[in-house]
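The values are calculated or read from the model by the stated rules, or taken from the named source; none is laboratory data. Bear in mind that the values here come from a model prediction, so they are computed numbers and not experimental data. FYI the Cβ positions are ideal-geometry reconstructions off the backbone, even for glycines, and counts take in every protein chain you see. When the accessible area is computed, the model is the full protein with side chains, heavy atoms only, and any ligands, DNA or RNA have been set aside. Shrake-Rupley method; radii C 1.70, N 1.55, O 1.52, S 1.80 Å.
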Amino acid sequence: MICERIEDFAAALPRTGAIAGLDLGTKTIGVAVSDGLRSVASPLTVIRRQKFTLDAAELLRIAAERGLAGLVLGLPRNMDGTEGARAQSTRAFARNLERLTPLPLGFWDERLSTVAAERALLEADASRRKRAEVIDQVAAAYILQGALDRLGYLE
């Protein structure tokens, strides 16, 4: 079930249970997960994109393995709030994924998430190579943490 608003996503979720945040890029998918009480997001992994069926299978494997209650997809809006080609691609991914899982799917505005992740990694003095390896999963954690904070406020 695709939930356009975070309030609808919150209503579709069970009371507890971890959720995942996804940073969908053209070459990779950054994945982060929350704790069961949905207070802290942690980077998990990066999936190298191949084709949708393989990408979805890997995401659903992670969801099943971790007993996830829902998925939050970063929605890449333009700085003026409009949606361009990347946002439409994310929505198409969600529509295709919805056919394969009963998990609720929500969206979270990901503007500047990669910039924030890059800044955090620079402050942590991560090497350029290390930053390149983990930037997508750190961006996914940033996206997920924003959604978790909002979900906590809604309770």
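General observations
- Where labels lie 7 Å past Cα in the beta-carbon direction, separation of LEU54 and GLU98 in nm: 2.7
- Sequence ranges 37-49, 17-29, 84-96, 140-152, ranked by mean other-Cβ count within 10 angstrom, highest first: 140-152, 17-29, 37-49, 84-96
- In the context of the full set of protein chains, residues of region 1-121 present 50 Å² of accessible surface per residue (probe radius 1.4 Å, heavy atoms only).
- Net charge of the neighbourhood of ARG15, taken over other residues with C-beta under 13 Å away and scored Lys/Arg +1, Asp/Glu -1, is 0.
- Separation in nanometres of the label points that stand 7 Å from Cα toward Cβ, at GLU7 and LYS27: 4.1
- Label-to-label distance for TYR153 and ASN78 is 2.6 nm, based on points extended 7 Å past Cα in the beta-carbon direction.
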